[in-house]
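Visitor: Right, I'll just put the structure down here and ask away after.
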Amino acid sequence: MDAILEYIPKELITTLVTIAVVVGVTLGVISYLILLERKLSAWMQDRRGPNRVGPMGIFQPLADGAKFLLKEEVTPAGADKVLFYAAPGIGFMTTMLAFSVVPFGPVGVEGIPWFVRFLIAPDVNIGIVFIFAITSLSVYGVILGGWASNNKYSALGSLRASAQVISYEIPLGMSILGIALLGSTLDINTLLMQQTGSFWDWYFWTQPLACLIFFTSALAEANRLPFDLSECEQELVGGFHTEYSSMKFALFFLGEYAHVILTSFLTSILFFGGWHFPWIATPESAYTGAWVVKIGVLLFKVGMVIVFIMLLRWTIPRFRFDQLMNLSWKALIPLSLANMVAVMTVLQFGWDRWWLTPISLGLFAVAGLISVAMKRAEIRHRPSAAELAHQFAT
Amino acid sequence: MAVAKDDVMWIEEPEMGFWEMTFLPAILDGLKTTIRHVTHYDPVTQQYPEEKPSLPLHYRGVHRLNRDEKGRVKCVACMLCATACPADCISIEASAAPPDWPDRDKFPATFVLDELRCIYCGMCEEACPVDAIELTHIYDLTGETRESMRFDREKLLAVYDKTKDDPRDPLRTRRGKLGPAADFGTLPTVAPATQVTAGDRSAQSTAPGTIHTYNNPRPFDDPGGAT
Ligand code: SF4
Ligand code: SF4
């Protein structure tokens, strides 16, 4: 064994093991997240949720998987076979690729077995840019899948979905730029380490607006409710994946869930200090098994964000398409631009960082006031109900 | 038809304030509601095969043919039910009643009801002058062949034997006691197949056949039904 090991660079083994862990754990977790989501949805709606397969339905994911595998694969006549088969893979692969720069634990601390690293690709100093570049490729999966299905509804659905994803790409990227400027790096792990000083170092406190924008746009990117216009399971004809069945359909769903997990990781790492928690898990904490606790803290935060996303799903009704576009182009993009300018100003003039908190809140308030004023003006310029009634009567 | 002008009500769009424009309070409010459903979890789902639904008393399920006080089929083969049936699923062959059945002239030699064609409207029950045919609460009716779903006289009588002591299918004849077939002239009217509550307009009509159910609890609230 040692003889063989000598000829293989340790680096390679570490990377392969980490990839295996990440892919395996992510897929396993996704299947149980789907169960959790179904259970939570049921609880929120006073139902019971899946409870037939095993106690409390814990084997439901297995049953789902078996069903997906055994279902008939239907390829519509006239579909572009190559693209039709490639699309779900593109969607899933691009999201999984993004995991390669996400630190899912404390990187570079003592006491971890040498073949695990908690980060597939260390020292990628353009981490954030890489994530955005890769995940925005997933729109190809959407648009190719819809187009290759040879179905009008799929094509329309894919147009809808890609318009949404592209629109939200912009605020998503720009909201993070503020943090990148503050930390003067694009490396996610470095950004994480910058927040591990104290509780008040978490970027959430200086960039609350960016956090809100990032989270909202990330939901839209992942096609989650309230932005799931690309699916609209309830009222429209599916969407871009109308023609997909069995495992190909499941891949789209896996992609969506992987995206949710990625979003939750990024939110907790960029805004909520990653594995840092005062007293429990700090860079100084040196007790044995500290790295386990740190992973636990990070996973706890990620879990909280995921549950929050699920709660939102049954809380906010879906946006109409024009509202969706308005929200992105008229609210999120200007706000994230303004936020970026604020960060630049603060850095340029060397002001205290804490000025960013009131500035963020102020920007938010101004945006709210502007929309109130615009709505008022619109109402003033259109006939009141009394006038309409008068017109109608005469 | 054009809408009458007086019927149109014009409503002003409510003005949105600052906080409403930002949507945050509304989202928080919604989250509170959603979370409350999780913390105060009270599912309304019925686990069907294990938990049976509690049906209202007027539920219309499988039919039964009632017996009179001597245990004979109560039907007098008047064909009213077959005539009333909108699905045309009752076929009766009448024959002269045996001489020792003084209370009627005819009785059904065969009585076949096709439970697959039936739409469970309850018209037969309404039509029957002697309360011989009734719909029970049995709803989970299955069969392996079409033939087995054509219930004949004996099968319908068997349904009666099975359900007569069930609180959900009380004997409606003679205030709960078995009676002869041809006594409907002397009996006071009993509850119609579909009971109406006191507040119902039809309950206030003077037409025969409606019964005021002031003293009865509303069948929906019947706690005994959930067995
Ligand atoms: S319930 Fe209606 S359809 Fe069924 S047998 Fe009676 S009258 Fe016919
Ligand atoms: S069941 Fe009633 S209505 Fe039908 S034939 Fe017999 S007596 Fe007449």
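The values are calculated or read from the model by the stated rules, or taken from the named source; none is laboratory data. Worth saying up front: this structure is predicted, and the values here are computed from it rather than measured. Every residue, glycine among them, receives a Cβ derived from its backbone with ideal geometry; neighbour counts consider all protein chains shown. All accessible areas refer to the heavy atoms of the entire protein, side chains included, with ligands and DNA or RNA removed. Shrake-Rupley method; radii C 1.70, N 1.55, O 1.52, S 1.80 Å.
Visitor: If the requirement is being part of a loop (DSSP other than H, G, I, E, B), in contact (Cβ under 8 Å) with a residue 12 or more places away in the chain and not assigned by the TED database to the domain that holds A:G24, which of these qualifies: A:F130, A:F115, A:F99?
Guide: Numbers: A:F130 fails: part of a loop (DSSP other than H, G, I, E, B); A:F99 fails: part of a loop (DSSP other than H, G, I, E, B).
Answer to the selection: A:F115.
Visitor: Please verify whether segment B:67-82 includes one or more residues that are among the acidic types (D, E), more than 16 Å from B:D152 (Cβ to Cβ) and within 14 Å of chain A (Cβ to nearest Cβ).
Guide: First pass over segment B:67-82, keeping only residues among the acidic types (D, E): B:68-69.
This time we only want the ones that are more than 16 Å from B:D152 (Cβ to Cβ), so: B:68-69.
Those still in the list that are within 14 Å of chain A (Cβ to nearest Cβ) too: none.
No; the residues of segment B:67-82 include none that is among the acidic types (D, E), more than 16 Å from B:D152 (Cβ to Cβ) and within 14 Å of chain A (Cβ to nearest Cβ).
Visitor: Just to be sure before I move on: is A:V292 loosely packed, with under 15 Cβ neighbours inside 10 Å, more than 14 Å from chain B (Cβ to nearest Cβ) and at pLDDT below 85 in the structure I sent? Lay out the reasoning, then the answer.
Guide: Details: loosely packed, with under 15 Cβ neighbours inside 10 Å: yes; more than 14 Å from chain B (Cβ to nearest Cβ): yes; at pLDDT below 85: yes.
Judged against the criteria, A:V292 is a match.
Visitor: Name the single residue, out of those in segment B:69-82 being touching a strand residue (DSSP E or B) at 6+ places or on another chain (Cβ under 9 Å) and assigned to a helix (DSSP H, G or I), that is nearest to B:M123 (Cα to Cα).
Guide: Among residues in segment B:69-82 that are touching a strand residue (DSSP E or B) at 6+ places or on another chain (Cβ under 9 Å) and assigned to a helix (DSSP H, G or I), the one nearest to B:M123 (Cα to Cα) is B:C81.
Visitor: Of the residues B:A109, B:A26, B:A97, B:A84, which single one is of a type in the set (A, V, I, L, M) and within 16 Å of ligand 1 (Cβ to nearest atom)?
Guide: Values: B:A109 fails: within 16 Å of ligand 1 (Cβ to nearest atom); B:A26 fails: within 16 Å of ligand 1 (Cβ to nearest atom); B:A97 fails: within 16 Å of ligand 1 (Cβ to nearest atom).
Matching residue, one of B:A109, B:A26, B:A97, B:A84: B:A84.
Visitor: Could you list, in sequence order, all residues of segment B:16-52 that are of a type in the set (D, E), more than 7 Å from every other protein chain (Cβ to nearest Cβ) and open to solvent by 100 Å² or more (accessible area, probe 1.4 Å)? Please lay out each step first, then the result.
Guide: The initial filter retains those residues of segment B:16-52 that are of a type in the set (D, E), namely B:20, B:29, B:42, B:50-51.
Those still in the list that are more than 7 Å from every other protein chain (Cβ to nearest Cβ) too: B:20, B:29, B:50-51.
The answer is B:E20, B:E50.
Visitor: Could you tell me which numbered condition A:S198 fails, if it satisfies all but one of (1) at pLDDT 85 or above; (2) of a type in the set (S, T, Y); (3) open to solvent by 30 Å² or more (accessible area, probe 1.4 Å)?
Guide: Here A:S198 clears every test but (1).
Visitor: Let me ask something else. Of all residues in segment A:23-58, count the ones that are at positive phi, surrounded by fewer than 17 Cβ atoms within 10 Å (Cβ to Cβ) and not in a loop (DSSP other than H, G, I, E, B). Break it down into steps so the answer makes sense when it comes.
Guide: Of segment A:23-58, the ones at positive phi are A:46, A:49, A:54, A:56-57.
Next cut, surrounded by fewer than 17 Cβ atoms within 10 Å (Cβ to Cβ) only: A:46, A:54, A:56.
Adding the requirement that they be not in a loop (DSSP other than H, G, I, E, B) leaves A:56.
Residues in segment A:23-58 being at positive phi, surrounded by fewer than 17 Cβ atoms within 10 Å (Cβ to Cβ) and not in a loop (DSSP other than H, G, I, E, B): 1 in total.
Visitor: Looking at segment B:72-90, can you tell me whether even one residue there is open to solvent by 80 Å² or more (accessible area, probe 1.4 Å) and either more than 31 Å from the chain's Cα centre (by Cα) or at positive phi (or both)?
Guide: So far as segment B:72-90 goes, yes, one or more of its residues are open to solvent by 80 Å² or more (accessible area, probe 1.4 Å) and either more than 31 Å from the chain's Cα centre (by Cα) or at positive phi (or both).
Visitor: Which members of segment B:6-15 meet the condition of being within 45 Å of the chain's Cα centre (by Cα), surrounded by 10 or more Cβ atoms within 10 Å (Cβ to Cβ) and not aromatic (F, W, Y)?
Guide: Here is the first cut: in segment B:6-15, the ones within 45 Å of the chain's Cα centre (by Cα) are B:6-11.
Next, from what is left, pick out any that are surrounded by 10 or more Cβ atoms within 10 Å (Cβ to Cβ): B:8, B:10.
The answer is B:V8, and nothing else.
Visitor: With (1) more than 14 Å from ligand 2 (Cβ to nearest atom); (2) under 16 Å from B:P170 (Cβ atoms); (3) not aliphatic (A, V, I, L, M) as the list, and B:E134 as the residue in question, which single condition is left unmet?
Guide: Among (1) more than 14 Å from ligand 2 (Cβ to nearest atom); (2) under 16 Å from B:P170 (Cβ atoms); (3) not aliphatic (A, V, I, L, M), B:E134 violates only (1).
Visitor: Quick one: would you say B:E93 is assigned to a strand (DSSP E or B) and within 12 Å of ligand 2 (Cβ to nearest atom)?
Guide: Numbers: assigned to a strand (DSSP E or B): yes; within 12 Å of ligand 2 (Cβ to nearest atom): yes.
The answer is yes for B:E93.
Visitor: Moving to a separate point now. So which residues in segment A:303-312 are more than 9 Å from chain B (Cβ to nearest Cβ) and crowded, with 18+ Cβ neighbours inside 10 Å, if there are any at all? Explain how you work it out, then say what you get.
Guide: The first filter runs over segment A:303-312 and keeps only residues more than 9 Å from chain B (Cβ to nearest Cβ), leaving A:303-307, A:309-310.
Selection gives A:V305, A:I306, A:I309, A:M310.
Visitor: Another question, then. In segment B:112-150, how many are within 15 Å of ligand 1 (Cβ to nearest atom) and closer than 23 Å to B:E69 by Cα? Write out each step before concluding.
Guide: Applying the first criterion (within 15 Å of ligand 1 (Cβ to nearest atom)) to segment B:112-150 yields B:112-129, B:131-139, B:141, B:149-150.
Then keep just the ones that are closer than 23 Å to B:E69 by Cα; that gives B:112, B:124-129, B:131-137.
Number satisfying all stated conditions: 14.
Visitor: I've got another one for you. Residue under question is A:M344, and the condition is that it be assigned to a helix (DSSP H, G or I) and surrounded by fewer than 14 Cβ atoms within 10 Å (Cβ to Cβ); does it hold? Give the steps one after another, and end with the answer.
Guide: Values: assigned to a helix (DSSP H, G or I): yes; surrounded by fewer than 14 Cβ atoms within 10 Å (Cβ to Cβ): yes.
Yes.
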